[in-house]
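Here is the structure we will look at.
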Amino acid sequence: MSRNTTVIDLRHIQKIYQMGLEKVYALRDITTTININEYVALMGPSGSGKSTLMNILGCLDTPTSGEYFLEGENVSKMTGDELAHIRNKKIGFVFQTFNLLPRMSALENVALPLIYAGYNKSKRIEMAEKALTVVGLQDRMDHNPNELSGGQRQRVAIARAIVNNPAIILADEPTGNLDTKTSIEIMEIFKEIHNAGNTVILVTHEPDIAEHAQRTIKLRDGLIESDSMTKKAAHELI
């Protein structure tokens, strides 16, 4: 697959919130592209706009102005229903708090997005089993979240994110609730997912976690402050 094919194209993205009589500029002017199979870390201090940008990238919100093209499709002016369809088909989410349904097994949690995607039950089970095997949980498929460790729960969440083979995997502080050893294991899974051809966007405030990516985009005050290769990526080019 070509590494020069653009999957995300942001053009002059602004997000303005009206707070009474005051306008708050969460994003001032964001223009950048992300290619297929890139691994990007999105960083910035509190109030920098990274959460707002993540919500726009994930089609959870729309920009006030500017354009967002996802796989060549302009999603910046879509309706709520259209965005929900895009989220289900093209974006896999991994959250810091896992967001698993407690009364469902790991297999059922992973298969859930496939219901909305219209797959029949046997196909859902087949795809969910494959995704759980990718993250090393083939022996925990029937366990509920409360029977799993934090690291195992995050693996279930990652399996759910990749089960539909989305255009991008969007991970929001995926190691925030995990100890160091488990964090390293989870980042190894993201490395394997990236190596398999997926585009990964990682939102983090931890520099050591960001170093697992190829590229770091740093935001400040709603603008891109810097956009550069990570030390690891630069070293691999030597």
Discussion item. Which of rounded, prolate or oblate describes the range 131-187 when judged by the alpha-carbon gyration tensor and an a/c cut-off of 1.5?
Written reply: oblate
Fill in: Cross-link pairs beyond the 31 Å C-alpha cut-off, checked among 50/77; 23/231; 77/123; 77/232
23/231; 77/123; 77/232
Item to complete: Kindly provide the GluC sites (Glu not before Pro) of the range 62-127 that DSSP labels as loop, not H, G, I, E or B, and whose Cβ sees at most 12 other Cβ atoms within 10 Å.
Response: none
Discussion item. Could you derive backbone 3J(HN,Hα) for the range 207-219 from the dihedral phi with the Karplus parameters 6.51, -1.76 and 1.60 (θ = phi - 60°), listing whole Hz in sequence and x where the residue is Gly or Pro?
Written reply: x, 5, 6, 4, 5, 6, 7, 8, 8, 10, 9, 9, 9
Practice prompt. Give me the net charge of residue 228's neighbourhood, meaning all other residues with Cβ under 10 Å from the Cβ of residue 228; Lys, Arg count +1, Asp, Glu -1.
Written response: +2
Worksheet entry | Segment residue 149-residue 228, length gained on full extension (0.36 nm per residue, minus Cα span) | 24.9 nm
Worksheet entry | Proximal lysines relative to residue 130, as straight alpha-carbon distance under 27 Å, when same-chain residues fewer than 8 apart are discounted | 89, 90, 121, 181, 191
Fill in: Among 13-21, 219-227, the order from most to least packed when residues are scored by Cβ within 10 Å on average
219-227, 13-21
Worksheet item: Cα axis of helix 106-116 to longest principal axis of the chain: angle in degrees, 0 to 90, nearest 10?
Response: 60 degrees
Fill in: Cα-centre dipole for the range 137-231 with unit charges at Cβ (Lys and Arg positive, Asp and Glu negative), debye to 20
180 debye
Response to the item:
With x for Gly and Pro, the residue-by-residue ³J(HN,Hα) of the range 70-87, computed from phi through the Karplus equation 6.51 cos²θ - 1.76 cosθ + 1.60 at θ = phi - 60° and given in whole Hz, is 10, 6, x, 9, 6, 9, 6, 10, 6, 6, x, 5, 5, 5, 4, 5, 4, 4
Worksheet item: With axes computed from alpha carbons, what is the tilt in degrees of helix 180-195 against the longest principal axis of the chain, rounded to the nearest 10 within 0 to 90?
Response: 80 degrees
Discussion item. What whole-number distance in Å separates the alpha-carbon centres of the range 41-69 and the range 80-137?
Written reply: 23 Å
Worksheet entry | the chain: angle of helix 121-134 to the longest principal axis, Cα-based, in degrees nearest 10 | 80 degrees
Response to the item:
Whole-Å distance linking the alpha carbon centroid of the range 172-220 with that of the range 141-166 is 17 Å
Fill in: Semi-axis lengths, Å, the range 96-238, gyration tensor of Cα atoms, sqrt of 5 times eigenvalues
29, 16, 14
Item to complete: Could you list the residues of the range 144-159 with an amide nitrogen less than 20 Å from a label point located 7 Å from the Cα of residue 181 in the Cα-to-C-beta direction?
Response: 147-156
Fill in: Cβ-based net charge around residue 113, under 11 Å, with every Lys or Arg adding one and every Asp or Glu removing one
+4
Worksheet, complete the sentence: Sequence order, the range 159-173: Karplus ³J(HN,Hα) from phi using 6.51 cos²θ - 1.76 cosθ + 1.60, θ = phi - 60°, Hz rounded, Gly and Pro as x, gives 4, 5, 5, 9, 4, 9, 6, x, 5, 9, 9, 10, 10, 9, 6
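No lab work stands behind these numbers, since they all come straight from the coordinates. Remember, it's a predicted structure, so these values are computed and weren't measured experimentally. Every residue, glycine among them, receives a Cβ derived from its backbone with ideal geometry; neighbour counts consider all protein chains shown.
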